[in-house]
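What follows is a set of notes on a single structure, which appears directly below.
The values are calculated or read from the model by the stated rules, or taken from the named source; none is laboratory data. Not measured: the values here are computed from a predicted model. Glycine also receives a Cβ, built like all others from the backbone with ideal geometry; neighbour counts cover every protein chain displayed.
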Amino acid sequence: MTRLRTLSEVPAPAKLNLFLHVVGRRADGYHLLESAFLLIDWADVLHLELRQDGRLQRHDLGTALPPDDLCLRAARALQQAAGVSLGADISIDKRVPSGAGMGGGSSDAASVLLALNRLWGLGWERERLLRLGATLGADVPFFLYGQTALVQGIGETLSPLELPPMQLAVVKPAASLATADIFRSPLLRRDTPSVILAGSLENAALAALASGTPWGRNDLQAPAEAQCPEVAQAARWLEQRFGNSRMTGSGSAVFARVGTGDPPLATWPVQADPLAPGWVGRLCRSLPRHPLADWAR
């Protein structure tokens with residue numbers, strides 16, 4: 001069998017949290033969450049080339065990443081777990097903003113695992129990759145899971161969720177937030193009642209959210225806004241234009257559902273309605289499945 005030598009234009013899509021509730025806390029300090037994770041078409045792009053010498057090297061094509069980022073840690077973990085002597089050059093075109101609560105680093109790591117599984121000819125099944133991904137970060141398993149999902153626990157319990165296609169305006173203000181600081185905030189509510197009790201309730205609540213009916217919230221948003229006024233400013237900016245807004249993850253990005261009467265995807269943001277200096281934003285479409293979903297059985 002001819003071994004692959006390169007994999008180009010490998011996508012690593014971002015995610016949004018349609019809601020995020022903190023429903024408790026474990027004895028070890030980890031917070032228990034309930035959330036709905038949605039893949040969107042705002043994505044980093046990776047390129048991988050096989051190395052025979054076992055070395056793993058990352059090359060930044062845009063924004064510089066930390067020297068030992070999650071992608072390299074993921075590659076090393078797979079290399080060690082699989083016992084392979086092969087390596088790879090991993091080039092990353094970073095397009096998803098960092099410090100946004102959009103899971104960019106975790107998505108990059110998941111795409112690296114999926115791509116190296118193919119490049120190295122490992123043939124690992126998804127469940128095996130999921131177990132490895134869980135050791136790297138709470139969001140990595142979701143991107144390996146590969147579809148819209150209900151997420152529970154500390155991120156390890158994933159259930160498939162079918163939602164209609166969505167258009168979403170996403171804005172990341174200049175400031176970024178540290179997740180640990182948000183979870184340490186005295187303003188964080190940690191006792192939101194569980195809403196994922198039964199299939200009928202789950203489906204009704206999430207269908208209401210998808211259709212634009214206010215439901216749920218992001219429990220991390222209040223402490224995030226207290227620490228970073230730009231989050232509140234961006235939320236108001238979207239609220240004024242689209243009638244709704246919500247922070248994703250631990251921020252600082254916020255998003256709004258875009259209805260049929262709102263500006264079409266091709267025309268926003270426009271010069272006549274610019275973002276504040278240092279802000280980045282775009283209109284996105286939801287993805288029902290990860291573009292690499294078929295790269296693991």
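Residue check: is Ser98 hydroxyl-bearing (Ser, Thr, Tyr), closer than 17 Å to Arg3 by Cβ and either touching an Asp or Glu at 6+ places or on another chain (Cβ under 9 Å) or assigned by TED's automatic domain parsing to the domain that holds Gly137 (or both)? Considered against the rule, which asks whether it is hydroxyl-bearing (Ser, Thr, Tyr), closer than 17 Å to Arg3 by Cβ and either touching an Asp or Glu at 6+ places or on another chain (Cβ under 9 Å) or assigned by TED's automatic domain parsing to the domain that holds Gly137 (or both), Ser98 comes out as no.
The C-beta contact set for the stretch 278-294 (first residue under 28 Å from Leu113 (Cα atoms) and in contact (Cβ under 8 Å) with a residue 60 or more places away in the chain, second residue part of a helix (DSSP H, G or I) and small (Gly, Ala, Ser), distance under 7 angstrom, 6+ apart or interchain) comprises Leu292/Ser111.
Evaluating Asn244 against the criteria (1) touching a Leu at 6+ places or on another chain (Cβ under 7 Å); (2) outside any helix (DSSP H, G or I); (3) modelled with pLDDT of 90 or more; (4) under 30 Å from Pro193 (Cα atoms) leaves one unmet condition, (1).
Collect the residues in the stretch 284-297 that are more than 16 Å from the chain's Cα centre (by Cα) and surrounded by 17 or more Cβ atoms within 10 Å (Cβ to Cβ), keeping them in residue-number order.
Filtering the stretch 284-297 down to residues more than 16 Å from the chain's Cα centre (by Cα) leaves 294-297.
The answer is Trp295, Ala296.
For beta carbons closer than 8 Å, sequence separation of 6+ or different chains, a first residue in the stretch 218-235 that is more than 17 Å from Asn17 (Cα to Cα) and assigned by TED's automatic domain parsing to the domain that holds Pro186 and a second that is part of a helix (DSSP H, G or I) and modelled with pLDDT under 95, the qualifying pairs are Gln227/Asp181; Gln227/Ile182.
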